[in-house]
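The values are calculated or read from the model by the stated rules, or taken from the named source; none is laboratory data. Because the structure is predicted, anything quoted here is derived from the model rather than measured. Neighbour counts are summed over all protein chains in view; Cβ atoms, including those assigned to glycine, are modelled from backbone coordinates with ideal geometry. These area figures cover heavy atoms from the full protein model, side chains too; ligands, DNA and RNA do not enter into them. Shrake-Rupley method; radii C 1.70, N 1.55, O 1.52, S 1.80 Å.
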Amino acid sequence: MKIALSILLTAILTENFVLCKFLGICPFLGVSKKLNTAVGMSGAVIFVMALATAVTYPINKYLLVANGLDYLQTIVFILVIAALVQLVELILKKFMPPLYEALGIYLPLITTNCAVLGVVLLNITKEFNFVQSMLNSVGAGIGFMLAMVIFSGVRSRLEGADIPKFLQGLPIVLIAASIVSLSFMGFTGLVDGIFG
Amino acid sequence: MAEKKSLGKEFTKGLIAENPVFRLVLGTCPTLAVTTSVVNALGMGVSAMIVLVCSNIVISLLRKVIPSKVRIPAYIVVIASFVTIVQMIVKAFVPALDAALGVFLPLIVVNCIILGRAEAFAGKNSVIASAVDGLGMGVGFTVALCLMASVREILGAGTFLAGAQNLLVLFGDNVLGGFNGFTLPWTEYLTPMTVFILAPGGFLTFGLLMACANKLAEKKGKPKAGLGGCQACPMAKNCALLAEGKECKEEKKEGETA
């Protein structure tokens, strides 16, 4: 239980995927303009991350590592994730139209999202077991959502601000992200403090 | 159209006018993550460049064979294969770099620069032009990474090219007299601002450098950098939907008139 909570908290706060590990920056900058798209995108990311981990973990353990093929991890994982996203899209469209309405347009964007491949690869590097991997993936997804939601709030404030011309557009967004990231640095040592 | 351009132009456009990092804003994740030191940035840049050139060549060769409906998965397979090769080479010959780049080395697969160039250029142009395009973009990426890493390393760690032996190990032990980077003279009196090699410093440096790039572009009458040079991104359609057509369409118009 203690370990589970510490993995979850680490993934959400201290090692936030977007703000501390720089994974999934493209959607973070691209889709965070409005709160509803930010939430929709992060919902889809959590979903795909959890699913990708659930599928790639057994593939890695029983197919790749068992046969000494672990050097194929990168290529197998990206293909599995791409196929999975397509499959999920089809299934949702057919059986769960409301959910498809909500997440549908975000799904293709996620195939090439480095956060999904990143979390799968990190689970292996950290040598997590299945439950720990799932926790880490869900935590990373929630962390992504947290960052997106906070940042969409910051960005809506930026819209009304009077910004020097050469900083308008992406530069000011990046500088704002830097300040949000600074606030997340405050969580450093939090997990060790609680569970250590 | 692009076929008629001289190869020299194909090469130089990646350096400044269409610099993948500062102008097209592609591949932001590795840009922010590995630029904590110049040596890491150089290693990342060169690895990505090798993948970019090789995958551009292969995709260009196969451009008439791959049906357009399955081209994205096909591109991903080609790219992933080269990434695996580069990963194995780096692991074998430059292990310190492998440790420093960590998960970002396999993540070259999902680097939008590579898929973007495959989609926007290599899938439509001749082999030689694609190779030159890949080389130009790769050099542009490396230069941008090194520029950003220099700022961050000098301000954040007070060193320059620290850990150079990690890369030089490729040429043997203790080459260049065991050169392992400079420690800047003023670090005796001034503590470096560690925040610059941490996450917030990455965002800040990137933002400020992009502001400079925009200022320079404005002087030359070029459009500002927008997110994801949309004409290059395979996901542009969805992105356009999300941004309600605003950012992406503007970008496209500018691209067409330029």
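Just one residue in the set A:I150, A:I163 is in a loop (DSSP other than H, G, I, E, B) and either within 12 Å of chain B (Cβ to nearest Cβ) or not charged (D, E, K, R) (or both); that residue is A:I163. When residues in the stretch A:3-16 are screened for being within 12 Å of the chain's Cα centre (by Cα) and open to solvent by 10 Å² or more (accessible area, probe 1.4 Å), 2 of them pass.
Looking across the stretch A:59-75, the residues that are over 16 Å from B:V109 (Cα atoms), free of Cβ contacts under 8 Å to residues at least 40 places away in the same chain and not β-branched (V, I, T) come down to A:K61, A:Y62, A:L63, A:L64, A:A66, A:N67, A:G68, A:L69, A:D70. The single condition among (1) assigned to a helix (DSSP H, G or I); (2) within 14 Å of chain B (Cβ to nearest Cβ) that A:T53 does not satisfy is (2).
Yes/no matrix, rows are residues, columns are (1) part of a helix (DSSP H, G or I); (2) crowded, with 21+ Cβ neighbours inside 10 Å; (3) in contact with a helix residue (DSSP H, G or I) (Cβ under 7 Å, 6 or more places away or on another chain):
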position	(1), (2), (3)
A:P108	yes, no, yes
A:V116	yes, yes, yes
A:V120	yes, yes, yes
A:G141	yes, yes, yes
A:L146	yes, no, yes
A:E159	yes, no, no
A:S183	yes, no, no
A:T188	no, no, yes
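Considering only the stretch A:1-15, state which residues are assigned to a helix (DSSP H, G or I), more than 17 Å from A:G141 (Cβ to Cβ) and of a type in the set (A, V, I, L, M, F, W, C). If the condition is that a residue be assigned to a helix (DSSP H, G or I), more than 17 Å from A:G141 (Cβ to Cβ) and of a type in the set (A, V, I, L, M, F, W, C), then A:I3 is the only one that fits.
Within the set B:L170, B:L145, B:L161, the sole residue that is touching a residue at least 40 places away in the same chain (Cβ under 8 Å), in the same structural domain as B:L15 (by TED's automatic domain parsing) and under 16 Å from the mean Cα position of the chain (by Cα) turns out to be B:L145. Report yes if some residue within the stretch B:123-133 is in the same structural domain as B:I59 (by TED's automatic domain parsing), out of contact with any Asp or Glu (no Cβ under 6 Å at 6 or more places or on another chain), polar (S, T, N, Q) and over 18 Å from B:V78 (Cα atoms); otherwise report no. No, the stretch B:123-133 has no match at all. Test A:I105 against the criterion of being closer than 27 Å to B:I76 by Cβ and among the β-branched types (V, I, T), and give yes or no. Spelling it out, A:I105 is indeed closer than 27 Å to B:I76 by Cβ and among the β-branched types (V, I, T). Would you check if B:F196 is facing chain A (nearest Cβ under 9 Å) and aromatic (F, W, Y)? Here the answer is no, as B:F196 does not meet what is asked.
Among the residues of the stretch A:124-133, the ones that are assigned to a helix (DSSP H, G or I) and either among the aromatic types (F, W, Y) or under 13 Å from the mean Cα position of the chain (by Cα) (or both) come to 1 in all. Put simply, of B:I76, B:I72 the only residue that is buried (at least 23 other Cβ atoms within 10 Å of the Cβ), within 13 Å of chain A (Cβ to nearest Cβ), assigned to a helix (DSSP H, G or I) and touching a residue at least 24 places away in the same chain (Cβ under 8 Å) is B:I76. Within the stretch A:35-61, restricting attention to residues that are out of contact with any Leu (no Cβ under 9 Å at 6 or more places or on another chain) and farther than 16 Å from A:F128 by Cβ, the residue that is surrounded by the fewest Cβ atoms within 10 Å (Cβ to Cβ) is A:N36. Taken residue by residue, the stretch A:116-139 has at least one member that is within 13 Å of another protein chain (Cβ to nearest Cβ), free of Cβ contacts under 8 Å to residues at least 24 places away in the same chain, within 27 Å of A:I3 (Cα to Cα) and among the charged types (D, E, K, R).
Let's see how each residue does on (1) within 15 Å of the chain's Cα centre (by Cα); (2) within 14 Å of B:V109 (Cα to Cα):
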site	(1), (2)
A:F77	no, yes
A:V80	no, yes
A:Q86	no, no
A:E89	no, no
A:L99	no, no
A:L107	yes, no
A:V116	yes, yes
A:L121	yes, yes
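Residue count for the stretch B:198-212 satisfying the condition of being buried (at least 21 other Cβ atoms within 10 Å of the Cβ) and not aromatic (F, W, Y): 8.
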